[in-house]
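Chemist: Would you mind keeping the following structure in view while I ask a few things?
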Amino acid sequence: MLTLPAFIVAIALLIAIHEYGHYRMALACGVRVLRFSLGFGKPIYQWKIKNSDTEFVLSLFPIGGYVKMLDEREAPVAPELRHLAFNTQSLGRRAAIVAAGPLANLGLAVVLYACVNWLGVESAAPVLSHPAAQTLASQAGIVGGERVLRAGMAGQEAQDVASFEALRWQLTRASLQAQDLQLVVQRAGSSIEREVTLPLSGLAQPELDLAMFAHIGIVGPFSRPLIGKIMADGAAERAGLQEGDEVLSVNAQAVVDGQQLRQWIRQSGTQGTNAPQTWQVLRQGQQISLQVQPALVQEAGVSIGRISAYVGANPEMVMVSYGLWDGVSQAVVKTWDVSVLTLKMMGKMLTGQASVKNISGPLTIADYAGKSASLGLTQYLIFLALISVSLGVLNLLPLPVLDGGHLMYYLWEGVTSKPVSEAWMMRLQQFGIAVLMIMMSIAMFNDISRLFAS
């Protein structure tokens, strides 16, 4: 229900801010702006502001937009108006006008992240769940229930970890930079801190998906192994499990948390047997022994076990918020970190060190827009900030047809004191269009693949 309106609002806002950056800088540099258009194609609504030379337009196709300026390369300009034309401006002013669009998107991201920091975000506490065997977390000595206090890449100062989402961000950064991540953890009820190191430098071609976190062994936050809602005629009901039961052990092996219990239930289907399991549960202060036989079902061609009940309590939640100036400074740091991470990801995909499956298209973006909006205002603002950073960074790439490509032309002009020739500009534009078409094709293929996979 929310997907389409959330996507439209996101695209309209990000494009409007981008084009407004070009528009305001053009006016500041003394350039006449003839048209400010949201969308392409036939105008469906247009208006003018009093004492303004600019025609504002809403066009038929809403994806994209443009700012049309007075320019001798596009149409004849009267001699008395030449000083208002874009092409007659100094190199510095032309570069500033072109750069203003992407920078406006980055500025918007700072504002959005600051708003999130001021409003506060309710997030899961940074308490670790039990890692699966043979994962990096398990090999590092994590057993589950540890609270992460600080985290940092090797050789860098560790930062306080306020939430599980902040921990995931640290894991993502370290994985893409092929750096080991050091965690300072503390067991519940203990004042003793210890340091563990996750060897993320050995990850091969990381993809930002659940499989990467599963390989690391940190998938979700700690949750007590409680039984939730039970479905009718399922394995849980047949075994006599009740909502609120806390599972203490399975076949005499102690259960640490809900994540571990879910893994054991699923793995019962891959072990080739359907033997009943002996569960010890705590019910209203009394320990009870039950025989539970998970049902075998097929999922993506693999046999897994299910008990037809919700497993695991809600994790501990914390409210993360900042004051006025701390909120702004944290927003600037977050925008910078996301920008750098985006560039590094693009570089890794270009060199084959990361999979192009990480490229997302409009279908995935629309899906995330709807999901984030359904989770509340702050989650939607975080989504908008992330997309705004991506749009800003993408447009600053030195690729012809993008703003960064024009800045590349101006750099050449500044070094050689002469503009790029028309012939070369035409060749570069064709190359840029071809690269963009390839990227869009990959993005759409990834979108469709994710759609069918779900």
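The values are calculated or read from the model by the stated rules, or taken from the named source; none is laboratory data. Remember, it's a predicted structure, so these values are computed and weren't measured experimentally. Here the Cβ positions follow ideal geometry from the backbone for every residue, glycine too, while neighbour counts run over all protein chains shown. For accessibility, only protein heavy atoms count, side chains too; no ligands or nucleic acids. Shrake-Rupley method; radii C 1.70, N 1.55, O 1.52, S 1.80 Å.
Chemist: Condition first: more than 30 Å from GLN293 (Cα to Cα) and in a helix (DSSP H, G or I). Can you find one or more residues in the stretch 308-325 that meet it?
Modeler: Yes, because at least one residue in the stretch 308-325 is more than 30 Å from GLN293 (Cα to Cα) and in a helix (DSSP H, G or I).
Chemist: Next question, about the same structure. Out of the residues in the stretch 177-198 that are open to solvent by 60 Å² or more (accessible area, probe 1.4 Å) and among the small types (Gly, Ala, Ser), state the one that is farthest from LEU341 (Cα to Cα).
Modeler: Here the residue is GLY189.
Chemist: Is it true that some residue in the stretch 78-98 is open to solvent by 60 Å² or more (accessible area, probe 1.4 Å), closer than 30 Å to LEU377 by Cβ, assigned to a helix (DSSP H, G or I) and in contact (Cβ under 8 Å) with a residue 60 or more places away in the chain?
Modeler: Taking every residue of the stretch 78-98 in turn, none turns out to be open to solvent by 60 Å² or more (accessible area, probe 1.4 Å), closer than 30 Å to LEU377 by Cβ, assigned to a helix (DSSP H, G or I) and in contact (Cβ under 8 Å) with a residue 60 or more places away in the chain.
Chemist: If you don't mind, there's one more thing I want to ask. Return the total of residues in the stretch 123-157 being under 14 Å from LEU183 (Cβ atoms), among the aliphatic types (A, V, I, L, M) and assigned to a strand (DSSP E or B).
Modeler: Here the count works out to 6.
Chemist: Could you run through the stretch 223-262 and say how many residues are open to solvent by 20 Å² or more (accessible area, probe 1.4 Å), of a type in the set (A, V, I, L, M, F, W, C) and part of a strand (DSSP E or B)?
Modeler: 4
Chemist: Can I ask one more? Tell me, which helices (runs of 4 or more DSSP H) wholly within the stretch 344-432 include 3 or more residues that are under 30 Å from VAL121 (Cα atoms) and touching a residue at least 40 places away in the same chain (Cβ under 8 Å)?
Modeler: On the way: elements: 362-374, 377-396, 403-416.
It comes to 362-374, 377-396.
Chemist: Another question about this same structure. Out of curiosity, is GLY269 at pLDDT below 90, over 30 Å from LEU106 (Cα atoms) and out of contact with any His (no Cβ under 8 Å at 6 or more places or on another chain)?
Modeler: Numbers: at pLDDT below 90: yes; over 30 Å from LEU106 (Cα atoms): yes; out of contact with any His (no Cβ under 8 Å at 6 or more places or on another chain): yes.
In short, yes.
Chemist: Report yes if LEU4 is hydrophobic (A, V, I, L, M, F, W, C), at pLDDT below 85, exposed (fewer than 15 other Cβ atoms within 10 Å of the Cβ) and touching a Pro at 6+ places or on another chain (Cβ under 9 Å), otherwise no. Steps first, answer last, please.
Modeler: Working: hydrophobic (A, V, I, L, M, F, W, C): yes; at pLDDT below 85: yes; exposed (fewer than 15 other Cβ atoms within 10 Å of the Cβ): yes; touching a Pro at 6+ places or on another chain (Cβ under 9 Å): no.
No; evaluated as a whole, the condition is false for this residue.
Chemist: Out of GLU122, GLU146, report the one residue that is in contact (Cβ under 8 Å) with a residue 40 or more places away in the chain, closer than 30 Å to ILE216 by Cβ, open to solvent by 30 Å² or more (accessible area, probe 1.4 Å) and acidic (Asp, Glu).
Modeler: Only one candidate qualifies: GLU122.
Chemist: Being open to solvent by 50 Å² or more (accessible area, probe 1.4 Å) and at pLDDT 90 or above: is that true of GLN170 here?
Modeler: On the way: open to solvent by 50 Å² or more (accessible area, probe 1.4 Å): no; at pLDDT 90 or above: yes.
For GLN170, the condition - open to solvent by 50 Å² or more (accessible area, probe 1.4 Å) and at pLDDT 90 or above - is not met.
Chemist: Moving to a separate point now. May I ask you to verify whether ALA75 is assigned to a loop (DSSP other than H, G, I, E, B), hydrophobic (A, V, I, L, M, F, W, C), open to solvent by 70 Å² or more (accessible area, probe 1.4 Å) and at negative phi? Lay out the reasoning, then the answer.
Modeler: On the way: assigned to a loop (DSSP other than H, G, I, E, B): yes; hydrophobic (A, V, I, L, M, F, W, C): yes; open to solvent by 70 Å² or more (accessible area, probe 1.4 Å): no; at negative phi: yes.
Criteria not met by ALA75.
Chemist: A further question on this structure: For GLN263, indicate whether it is without any contact (Cβ under 8 Å) to a residue 12 or more places away in the chain and under 26 Å from THR135 (Cα atoms).
Modeler: Judged against the criteria, GLN263 is not a match.
Chemist: Something else: Working only within the stretch 18-59, note down all residues that are open to solvent by 50 Å² or more (accessible area, probe 1.4 Å), in a helix (DSSP H, G or I) and hydrophobic (A, V, I, L, M, F, W, C).
Modeler: Of everything in the stretch 18-59, those that are open to solvent by 50 Å² or more (accessible area, probe 1.4 Å), in a helix (DSSP H, G or I) and hydrophobic (A, V, I, L, M, F, W, C) turn out to be MET25, LEU27, ALA28.
Chemist: OK, next. Within 30 Å of GLY323 (Cα to Cα), within 23 Å of the chain's Cα centre (by Cα) and open to solvent by 20 Å² or more (accessible area, probe 1.4 Å) - does that describe any residue in the stretch 127-141?
Modeler: No: the stretch 127-141 contains no residue that is within 30 Å of GLY323 (Cα to Cα), within 23 Å of the chain's Cα centre (by Cα) and open to solvent by 20 Å² or more (accessible area, probe 1.4 Å).
Chemist: Oh, and also: Out of the stretch 277-312, which residues are hydroxyl-bearing (Ser, Thr, Tyr), touching a residue at least 12 places away in the same chain (Cβ under 8 Å) and open to solvent by 40 Å² or more (accessible area, probe 1.4 Å)?
Modeler: Residues of the stretch 277-312 hydroxyl-bearing (Ser, Thr, Tyr): 278, 289, 303, 308, 310.
Now narrow it down to the ones that are touching a residue at least 12 places away in the same chain (Cβ under 8 Å): 278, 303, 308, 310.
Matches in the stretch 277-312: THR278, SER308, TYR310.
Chemist: Kindly list the number of the only condition in (1) among the hydrophobic types (A, V, I, L, M, F, W, C); (2) at pLDDT below 90; (3) open to solvent by 40 Å² or more (accessible area, probe 1.4 Å) that fails for LEU402.
Modeler: In the conditions (1) among the hydrophobic types (A, V, I, L, M, F, W, C); (2) at pLDDT below 90; (3) open to solvent by 40 Å² or more (accessible area, probe 1.4 Å), LEU402 misses (3) alone.
Chemist: What are the pairs, 6+ residues apart or on separate chains, where a residue within the stretch 319-341 that is at negative phi has its Cβ under 9 Å from a residue that is acidic (Asp, Glu)?
Modeler: MET319/GLU122; VAL320/GLU122; VAL320/GLU165
Chemist: Quick one: in the stretch 60-72, which of the residues that are in contact (Cβ under 8 Å) with a residue 24 or more places away in the chain and open to solvent by 70 Å² or more (accessible area, probe 1.4 Å) is farthest from the chain's Cα centre (by Cα)?
Modeler: Here is the first cut: in the stretch 60-72, the ones in contact (Cβ under 8 Å) with a residue 24 or more places away in the chain are 62-70.
From what's left, open to solvent by 70 Å² or more (accessible area, probe 1.4 Å): 62-63, 68.
Values: PRO62: 23, ILE63: 21, LYS68: 32 Å.
Checking each candidate, the answer is LYS68.
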